[in-house]
Amino acid sequence: MCGIFGYIGHRNASKLLVKGLLRLEYRGYDSSGVVVKNGTLESFKDIGKISEMASSLPSLQGSIGIAHTRWATHGAVTRENAHPHLSNDGKVAIVHNGIIQNSEMLRKRLKKLGVSLNSETDSEIFCHFISMDLQEGKTPMEALRNVLSMVRGTWGLCVLFLEYDFVLCARNGSPLIVGRGKNEMFISSDPHAIREHTDQLVALEDGQIAKVDSRDVQVMQIDGRAVESSYLNLEEEWGESELGDYPHFMLKEIHEQAQSLQHCISGRLRHAEGTSVLGGLQIEPHNLAQLPHIRLIGCGTALHAAQIGQILIEQWARIPAVSHVASEFNANDPVINPDALHLAISQSGETADTLSAVKEIQRKGADVYGVVNVVGSTIARQCGKGVYIHSGPEQSVASTKAFTNMVGALALFSLQLGRSRHLSKTKGKSIAREMRKLPEKIRSYLENPGPIDEAVELVMQSKSVLFLGRGISSPVASEGALKLMEIAYIPCLAYPAGEMKHGPIALIEQDSPVVVIAPNDGVQDRTMNAIHECKARGAKIILIHEEGDPIAEIGDVSIPIPATIPMLTPLLSVLPTQLIAYQTALSLGHDVDRPRNLAKSVTVE
Ligand code: M6R
C-alpha cells in the first residue's frame, strides 16, 4: 500500500527519493510524487508508474525531500490526489500513509476558514493546519502536535518545511522508520527501501513524533516527553533483493524456497533428541501442561499457513488449536483465555487486521507470539516475542516463500510442543529427519516441475477453477486458489474435497478445470470420491500427487511431487499451484509481480 521515503543529507535528494520509491514499488500503488527543498518547495507528482513520473521529473536540486507512493483510499487516482500535498503558501509539504477518519469534518472547518483545498484526500488537511499555525507564530513541532490533537485515525506522516532544515515525522498505526547514514538520514515506511543505505535504524512507535536532521533523529512522545531511542541492526539477509537473472520476483521467490526453508529450519532442529528449539517460542513445561488451547491468526496466505499450523499442533502436540481470519477476529468481541497461547502470523508484520487482533488479545490479558518475516516490523514489536521465519525479502505481491517458511516455522513449533508433551522421541526423530530432507526435495521438484504448461492450457481460458483438498491439503487448495485468483484474475473456489458434493458440484460442466491436491496421506481414498464425482460430470482433473503413486492415472494432467510424511506434504504440494498461477498470469499478459488493486502490505482495516 502507500509508501514513504525521505532524505535529509548532502546528496541530490530527488535521485535518492526516486530510488527509494522504486524500492517501495512492490507494495502496490497507483500514483507517486516527490518534493524537494531548493529555495522553494519543488513538488512533482503523477499517476501511473514511478518510472514514468521519474522520466518527466525536472532536474530538482536540493538535498532534503520527501516522497510517496499512493494506493487510493479517499479520492480517485488523480494527479491532484497524489502526494505530496502542499500548503497554499508553499511553505509546508506533507506525505501521509493511513486514514484520517474525521477528515470530512476537518476539511469543512478549513473551508470555513477560507482555505482552498486542492484534492479530495483525507491527508491534505495536515499541511493547511500546520501552515496556519506557523503563520500564527507556532513552532513546527507545536504545529504538528496541534494538528495531531485534532485528527482521529492512523498515520505515518512526514512534514517538510521551506524554512527549516529538518523533517518532522509522526506515527500512529502506520509504520515509519528512520535510518542513519554518514551525515545523512533516511526515512521510510519500509526497511526494504533503506537497507541499501544503512543497516542502522530507529523504528517509531505509535504515538511518537520525531525530528530528523542530517545527523540524527530526536524521538519524543506526542506530548513532548523525550524517548530513549536506540538504533536497531537490520539483519544481513534483508539485503539480497535484486531480480538477478529472473524475469519476475515471483519466479525468483518460488525458486528461493529451498534455500529460505533451509534458513528457517537450520540451527533449529535437534536431530538427536527428535525435537526443535525456537528460542522465541520457549514455553515453560508447567505452563505447557496447562495450555487450554492455541489460536492462530492471519490473513490471506498467512491464514492458510495458520490453518496448516492448527492441524500440525493438534496432530503432533495434541493441544486443541484453531485458526482465525484476522479481519473477523474482533468483530464478535472474542472471549480470550489469558492462559491460552496466541500466534499472529504475518509476512510483512504490518497487516492492520492482524495487528488489530493482536491488540485486542493483549487488551484482554493474553500474550501473543509473532510468527513474522519482516524484522522489527510493527506486529513483531507489538508482540514483543515470537519467531522470525527468515524468508528474506519477499517482493512479489503474491506470497510464495513466506508461506513455505510460515509452515516451516509452525512445523518446528509443533514438533517442539509435541516433544514437550506426548510425542515419542522415535516419532520426533522421524519428523526431524523428513524436515531436514525438505529443502532438497523442493529443489529437485523445481528442477523438474512436471506438466505445468498442460495445466495452464486447461485453466487459462476457463470461467472459473475449483481447487479441492482434504485434511492438511485443504488449506493448500485454498492457497493455490488465492494465488491463481490474485495474479491471473480467474475466479477460483477452494473447497475441502468432501464438501464439494454439498454445493460447488453445481458449477461443474464439460471441461471445467478442477485442481486436486491428493498426496498419499491416509485420506486420499475419500479425495478419490470427489475426483470421480467431478469426472462423471465432464471435469478435467489437474492432479497433484506423490511420485510413483498409481493415483496419477486418474488425472487429465498429473503433476508428481516428491513423497514425504503426510503432515509435511503442504511444503511440496503448494509448489505446482504457485507455478500454475505464475505461468497462467504470464500467458494472459498480466503484471505478475504487481497485480491490479492489490498491495503487498495491507495497512488499512
Ligand atoms: O503480510 P501478511 O502476511 O500479513 O499479509 C497477509 C495477506 O495480505 C497476504 O498473504 C496476501 O493475501 C497475499 N497477497 C497473498 O499472496
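Just so you know, all these numbers are worked out from the coordinates, no wet-lab data involved. Keep in mind it's a predicted model, so treat the numbers as computed, not measured. Neighbour counts run over all protein chains shown; Cβ positions are idealised from the backbone, glycine included.
Working from Cα pairs under 8 Å separated by at least six residues, relative contact order for the chain is 12 percent.
Region 3-76 has equivalent-ellipsoid semi-axes of 20, 12, 11 Å, by the square roots of 5 times the alpha carbon gyration tensor eigenvalues, sorted largest first. Using the Kyte-Doolittle scale, which helices in the chain average at least 0.0 and also have C-alpha atoms spread 27 Å or more along the helix axis, with helices defined as whole DSSP H runs? Once both thresholds are applied, what remains is 401-420. Could you tell me which of rounded, prolate or oblate describes region 249-447, using a ≥ b ≥ c as the square roots of the eigenvalues of the alpha-carbon gyration tensor, with rounded for a/c under 1.5 and, failing that, prolate when a/b is larger than b/c and oblate otherwise? Verdict is oblate for region 249-447. The residue list Ser462, Pro560, Ser573 was ranked by how far each Cα lies along the charge dipole of region 433-577 toward its positive end, using unit charges on Cβ atoms, and Ser573 comes out on top. Summing charges over neighbours of Gln578, with a neighbour being any other residue whose Cβ is under 10 Å away from its Cβ, gives 0 when K and R count +1 and D and E count -1. Straight-line cross-link reach from Lys138 at under 17 Å between alpha-carbon atoms covers these lysines, not counting any fewer than eight positions away in the same chain: Lys91, Lys211.
Here the calculated FRET efficiency for Glu605 and Gln290, from their Cβ-Cβ distance with R0 = 22 Å, stands at 0.10, rounded to the nearest 0.05.
Converting phi to 3J(HN,Hα) with the Karplus coefficients 6.51, -1.76 and 1.60 and the offset θ = phi - 60°, region 537-542 yields 9, x, 5, 9, 9, 9 Hz in sequence order, with x at every glycine or proline.
At full extension, Ser356 and Glu273 could sit 26.1 nm farther apart than now, given 0.36 nm per residue minus the alpha carbon distance. Working from Cα pairs under 8 Å separated by at least six residues, relative contact order for region 249-447 is 33 percent. Converting phi to 3J(HN,Hα) with the Karplus coefficients 6.51, -1.76 and 1.60 and the offset θ = phi - 60°, region 199-216 yields 10, 9, 9, 10, 9, 6, 9, 4, x, 9, 10, 8, 10, 10, 10, 6, 10, 7 Hz in sequence order, with x at every glycine or proline. Per-residue packing, averaged as other Cβ atoms within 10 Å, sorts the ranges 95-106, 244-255 into the order 95-106, 244-255, beginning with the highest. Write down the Kirkwood hydrodynamic radius of region 335-484, to one decimal in angstroms, obtained as one divided by the mean of 1/r over all alpha carbon pairs. Averaging 1/r across every pair of different Cα atoms and inverting gives 18.0 Å. Extent along the principal axes, Cα only, for region 79-122: 25, 23, 17 Å, with the longest axis given first. Which shape class, rounded, prolate or oblate, goes with region 3-234 when its Cα gyration tensor gives a ≥ b ≥ c as root eigenvalues, a/c under 1.5 marks rounded, and past that a/b bigger than b/c marks prolate? Since a/c stays below 1.5, the shape of region 3-234 is classed as rounded. Using modelled backbone amide H atoms (1.01 Å from N, in-plane), which distant-in-sequence or interchain residues come within less than 5 Å of Phe467's amide H? Hits under the 5 Å cutoff: Leu493, Ala494, Tyr495, Val515.
When the Cα atoms of the chain are aligned to their principal axes, the ranges along those axes come out at 79, 56, 44 Å in descending order. What the phi angles of region 153-167 give under the Karplus curve with 6.51, -1.76 and 1.60, with θ = phi - 60°, is a coupling list of x, 10, 8, x, 10, 10, 10, 10, 10, 5, 9, 9, 9, 9, 10 Hz, glycine and proline written as x. Placing R0 at 41 angstrom, the Cβ-Cβ distance between Ser56 and Ser587 gives a FRET efficiency of 0.80 after rounding to 0.05. Between Ser149 and Ala536, residue separation times 0.36 nm minus the direct Cα-Cα distance comes to 132.8 nm. From most to least packed by mean Cβ count within 10 Å, the peptides 304-313, 45-54 give 304-313, 45-54. In this entry, region 449-605 is assigned a mean projected area of 9.4 nm², taken as a quarter of its C-alpha convex hull surface. In straight-distance terms, cross-link reach from Lys49 covers every one of the aspartates and glutamates whose alpha-carbon lies under 12 Å from its own, apart from those fewer than eight places away in the same chain; here that gives Glu25, Asp30.
Mean sequence separation of contacting Cα pairs (under 8 Å, at least six apart), scaled by the length of region 358-482, corresponds to a relative contact order of 12 percent.
What FRET efficiency comes out for Lys15 versus Thr78 if R0 is 22 angstrom and r is the Cβ-Cβ distance? Round to the nearest 0.05. So the FRET efficiency works out to roughly 0.25. In terms of the mean number of neighbouring beta-carbon atoms within 10 Å, the peptides 5-13, 273-281 order highest first as 5-13, 273-281.
Segment Asp223..Lys427, full-extension length gain: 67.8 nm, with 0.36 nm per residue of separation and the alpha-carbon distance subtracted.
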